[in-house]
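Below: one structure, written as structure tokens.
The values are calculated or read from the model by the stated rules, or taken from the named source; none is laboratory data. Owing to the predicted nature of the structure, the values given are computational and were not obtained by experimental measurement. Heads up, the Cβs are rebuilt from the backbone with ideal geometry, glycines too, and the neighbour counts pull from every protein chain shown.
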Amino acid sequence: MSNELLEKVIVSTEIGNPAGSGLLAPDQANQFIDYMWDATVLGSQVRTIRMRSTEQEIDRIGVGQRLLRGAVEAVDTGENQGVYFSKISLTTKKLRLDWELSTETLEDNLEGEQLEDHIARMMATQAGIDLEDLAINGDTDLADKTLKVFDGWRKLALEGTVDGAAHVIDHGGNAFDRAAANKAIKAMPRKYMQRRNQLKFFVGSSLIQDYLYSIVEDVANPRYADTSGRIVPEGPAGFTAGTLFGVPYQEVPLFDQTQDGDYSGTSGDHGELWLTFPQNLLWGAKREIKVIREYAAKKDTLEYTMFCRVGTQIENTDAFVIVKNIKVGS
């Protein structure tokens, strides 16, 4: 996010219109959305949609597994079939982020006038992180004030959309290994495997660390890497470490890895492995974003409020595999 945009964000009379409504102009809103998505692991990988309304229908075109037919000379066999058109709905929910600064803080801090700008950047970054957490783990049945806003990709996959639920495979409390990836690939319907080079694994930090630890070279007890070759277990948060059977695997730190297992004799924490096309995950944001700054006289503070509308959807749950009950190592 540019300094110019942040200056407009933190000075209410310059935001959007002279009335100081806080509504960002379209180009400012687009930059703000870019900044929030850039602060996340999945924002640059999934299909992001900038919406003009609170709800948008997404067109889908699909084909059956076999369309080719034998031809008969000079005869119309009348077998035009297999292509279908359908729509899925992407709905956004309104979210709010609040923060405030006392005048003493602004006057006495070491950064001086730059503190307000610094705090605005921090809040925009945190907004992106919270939105990614909600997009992944959102569940309207939870009590958490953030995660209960709407259902995220995990719940949408497990409960299903117009295509039914995702393909769920049980790993039975075993650690994350090649066997888990093998199960996921075999569970993916064959019509999607023709696009194998576009598939991707998504897995939490602890599980990916368990896997990397299991294959790192040990002089006393040498182990062997998978088909991708030797892997160096280093990288930033959200890094792609290598491939499993030719499919990249992506670290997603916000994956829930404290799940209870549902197999016999379960104990400890568990996580999941996802296999899907990144563009199969839809993340929508309405382009009307408000950032309001006002002085609260009775508290002698500057109060900031940001409003945005965000939603998630899965385009095709049939192209989504979840391997559950993967044990997190101690």
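Of all the numbered requirements in (1) surrounded by fewer than 14 Cβ atoms within 10 Å (Cβ to Cβ); (2) closer than 27 Å to GLU315 by Cα; (3) of a type in the set (Val, Ile, Thr), THR103 misses one, and that requirement is (2).
Checked against (1) under 30 Å from SER214 (Cα atoms); (2) modelled with pLDDT of 95 or more; (3) out of contact with any helix residue (DSSP H, G or I) (no Cβ under 6 Å at 6 or more places or on another chain), VAL321 meets all criteria but (3).
Search the range 57-101 for residues being polar (S, T, N, Q) and at pLDDT 75 or above, and hand back the single one that is farthest from LEU131 (Cα to Cα).
The extreme case among them is SER86.
With respect to the conditions (1) over 15 Å from ASP256 (Cα atoms); (2) modelled with pLDDT of 95 or more, ARG230 falls short on a single one, namely (2). Regarding the range 154-169, can at least one residue be identified that is in a helix (DSSP H, G or I), in contact with a Lys or Arg (Cβ under 8 Å, 6 or more places away or on another chain) and touching a residue at least 60 places away in the same chain (Cβ under 8 Å)? No, there is no match, as no residue in the range 154-169 is in a helix (DSSP H, G or I), in contact with a Lys or Arg (Cβ under 8 Å, 6 or more places away or on another chain) and touching a residue at least 60 places away in the same chain (Cβ under 8 Å).
Going through the range 186-197 one residue at a time, which ones are surrounded by fewer than 18 Cβ atoms within 10 Å (Cβ to Cβ) and under 15 Å from LEU244 (Cβ atoms)? Step through it out loud before you land on a result.
Initially, the range 186-197 is screened for residues surrounded by fewer than 18 Cβ atoms within 10 Å (Cβ to Cβ), giving 186-187, 189-191, 193-197.
The answer is LYS186, ALA187, MET193, ARG196, ASN197.
For ALA135, the requirement of being surrounded by 16 or more Cβ atoms within 10 Å (Cβ to Cβ) and touching a Cys at 6+ places or on another chain (Cβ under 8 Å) is not met. Scanning the range 186-212 for residues being farther than 16 Å from THR317 by Cβ, at pLDDT 95 or above and over 21 Å from the mean Cα position of the chain (by Cα) gives a total of 1. Picking from residues in the range 289-310 that are closer than 26 Å to GLN31 by Cα and of a type in the set (Val, Ile, Thr), the one that is modelled with the highest pLDDT is VAL310. When GLU104, GLU111 are checked against the criterion of being part of a loop (DSSP other than H, G, I, E, B), charged (D, E, K, R) and at pLDDT below 95, a single residue qualifies: GLU111.
In this structure, is ALA296 among the hydrophobic types (A, V, I, L, M, F, W, C) and out of contact with any helix residue (DSSP H, G or I) (no Cβ under 7 Å at 6 or more places or on another chain)? Give the steps one after another, and end with the answer.
On the way: among the hydrophobic types (A, V, I, L, M, F, W, C): yes; out of contact with any helix residue (DSSP H, G or I) (no Cβ under 7 Å at 6 or more places or on another chain): yes.
So ALA296 fits the description; yes.
When VAL310, VAL321 are checked against the criterion of being in a strand (DSSP E or B) and over 25 Å from PHE85 (Cα atoms), VAL310 stands alone in meeting it.
Tell me, yes or no, whether the range 147-165 has at least one residue that is modelled with pLDDT under 95 and touching a Gly at 6+ places or on another chain (Cβ under 6 Å). No. The single residue among ASP177, ASP210 that is under 17 Å from GLN250 (Cα atoms), in contact (Cβ under 8 Å) with a residue 40 or more places away in the chain and not assigned by TED's automatic domain parsing to the domain that holds VAL46 turns out to be ASP210.
Out of the range 241-278, which residues are in a strand (DSSP E or B), farther than 21 Å from ASN182 by Cα and of a type in the set (Asp, Glu)? Once the filter is applied, which keeps residues that are in a strand (DSSP E or B), farther than 21 Å from ASN182 by Cα and of a type in the set (Asp, Glu), the range 241-278 yields nothing.
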